[in-house]
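Participant: First, the structure itself, so that you have it in front of you.
Bear in mind that the values in this text are calculations on the coordinates, not laboratory data. Since the structure is predicted, the reported quantities are computational estimates derived from the model, not experimental observations. Backbone-built Cβ (ideal geometry, glycine too); neighbour counts: all protein chains shown.
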Amino acid sequence: MNVVRFEPRRESVGMGHPWIGTDVLIDGELVSHEGVGPDPEDLIRELEAPIPAAVRVRVCSCGFQECWSLAVTVRQDQGAVIWGDWRDGTTEGGGTFPSEPVERPVLRFRLGQYSAAVEELRSLSRGWNARDV
């Protein structure tokens, strides 16, 4: 089983604008070095959507998810949360999530660990916004 952790952090995006993103770590490693982490509130909203659900785990380095994002389909099976069906690309032209398939491994998390990580993100991100940077 894999272990997920979500870490909100302040950073700068396109032309030095402040951004609060969320690094998604799998087994202690950043899920991708492309782009930046998504806004914590957006990530929480997507993580808490009815599953199966698409969740953006990285967005364009300008901070706009419409330019580019990396998304994964989240589903649940027998006490585990499963990430698979990875997609990346742009969402311009009316799409909600990117449509280009990406070969990445299927990840499995224990439901209890996963739920605790989402709750920790919710707790850490309370009160964070770009004005705090």
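Participant: When a footprinting reagent is the concern and you count Cβ atoms within 10 Å, what order do Ile82, Ile26 take, fewest first?
Facilitator: Listed from fewest to most nearby Cβ atoms, that is Ile26, Ile82.
Participant: Can you give the charge dipole size of the stretch 1-66 about its Cα centre, rounded to the nearest 20 debye, using +1 on the beta carbon of Lys and Arg and -1 on the beta carbon of Asp and Glu?
Facilitator: Around 60 debye, computed over the stretch 1-66.
Participant: Further question on the same structure: What is the extension gain from Thr96 to Glu120, computed as 0.36 nm multiplied by their sequence separation minus the C-alpha to C-alpha distance, in nm to one decimal?
Facilitator: 6.0 nm
Participant: Determine the principal axes of the Cα atoms in the stretch 1-115, then give the extent along each, sorted from largest to smallest and rounded to whole angstroms.
Facilitator: Principal-axis extents of the stretch 1-115 (Cα, largest first): 45, 30, 24 Å.
Participant: Something else: Tell me what the chain gives for mean residue ellipticity at 222 nm when only DSSP H runs of n ≥ 4 count, each as -39,500 (n - 2.57), the sum divided by the residue total, rounded to 500 deg cm²/dmol.
Facilitator: -5500 deg cm²/dmol
Participant: Now, a different point. Put a dot 7 Å past each Cα toward the Cβ at His33 and Gln78; how far apart are the dots in nm?
Facilitator: The modelled label-to-label distance comes out at 3.7 nm.
Participant: Fewest to most neighbouring Cβ within 10 Å: what's the order for Ser115, Ser32, Ser69?
Facilitator: With the fewest neighbours first, Ser115, Ser32, Ser69 line up as Ser115, Ser32, Ser69.
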